[in-house]
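Visitor: Before I ask anything, let me first share the structure, which is written out below as structure tokens.
Read-outs: derived from the displayed coordinates by stated rules, not from any lab. Just so you know, these numbers come straight off a predicted model, no measurement behind them. Virtual Cβ from ideal backbone geometry, glycine too; neighbours counted across all protein chains shown.
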Amino acid sequence: MGALDDRVRQFREAGQQPAPADYAFARKLLPRDELYELFVLQEPRDILHAVRTARWLIDRNERDPELLMAALLHDIGKGHQRTRDRVGWVLAGTLGIGERFAAHESRLAIRRAAARSAEHAAAGAEMLRRAGAPPLVIELTLLHHDPHAANGMLKLLQAADAAS
């Protein structure tokens with residue numbers, strides 16, 4: 001499936017809601033209340049994406065608990081974003097203007113949301129640090145968009161993230 005197909009699928013699935021089984025699945029992999037609370041605070045589409053990411057890894061016989069925690073928590077730094085905010089961020093990135101489009105101080109919610117998207121890995125890592133997550137989970141979250149990934153676990157997370 002190509003990048004455009006992936007984006008069309010994501011847009012089509014944006015209104016879906018997680019099922020009780022998705023929350024139960026995450027609860028088993030996130031035994032600490034603080035981490036589970038961060039998981040459930042995500043937007044519904046991010047919860048579904050997180051569960052798909054973790055299941056993709058499990059389907060490939062990955063069982064490392066910290067890798068699976070990172071799969072469930074890697075996007076927690078995005079915060080609230082409407083579907084149009086996500087579409088705007090993706091389009092800006094496709095046009096090569098993502099960093100200029102993103103603006104924390106803008107009066108436009110879409111540009112503030114883009115700024116959160118641009119910085120979500122660092123913001124998520126900080127949230128995980130404050131919640132007492134294991135160092136590897138924090139590192140994987142921080143670097144999950146790093147194009148120079150050398151760590152095997154990070155490459156796995158990136159592959160799962162892209163496939164989900």
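Visitor: Once the Cα atoms of helix 44-59 and of the chain are each reduced to a long axis, what angle between those two axes, in degrees from 0 to 90 to the nearest 10, is obtained?
Guide: It works out to around 50 degrees.
Visitor: Expressed as an acute angle from 0 to 90° and rounded to the nearest 10, what is the orientation of the C-alpha long axis of helix 109-118 relative to the principal long axis of the chain?
Guide: Once rounded, the angle reads 50 degrees.
Visitor: If one takes the longest principal axis of the Cα atoms in the chain, at what angle in degrees, from 0 to 90 and to the nearest 10, does the Cα axis of helix 3-13 lie?
Guide: Between the helix axis and the principal axis of the chain, the angle is about 80 degrees.
Visitor: Here's something else I'd like to know. In what order do 136, 35, 91 fall by count of nearby beta-carbon atoms within 10 Å, going from fewest to most?
Guide: 91, 136, 35
Visitor: Which shape class, rounded, prolate or oblate, goes with region 13-72 when its Cα gyration tensor gives a ≥ b ≥ c as root eigenvalues, a/c under 1.5 marks rounded, and past that a/b bigger than b/c marks prolate?
Guide: Verdict is oblate for region 13-72.
Visitor: From the residues 56, 108, 159, which one has its Cα farthest along the dipole of the chain in the positive direction, the dipole being from +1 and -1 charges on Cβ of Lys/Arg and Asp/Glu about the Cα centre?
Guide: Of the candidates, 108 comes out farthest on the positive side.
Visitor: Do the sum for the chain: with -39,500 (n - 2.57) for every DSSP H run of n ≥ 4, divided by all residues, what is the mean residue ellipticity at 222 nm, to the nearest 500 deg cm²/dmol?
Guide: That comes out to -20000 deg cm²/dmol.
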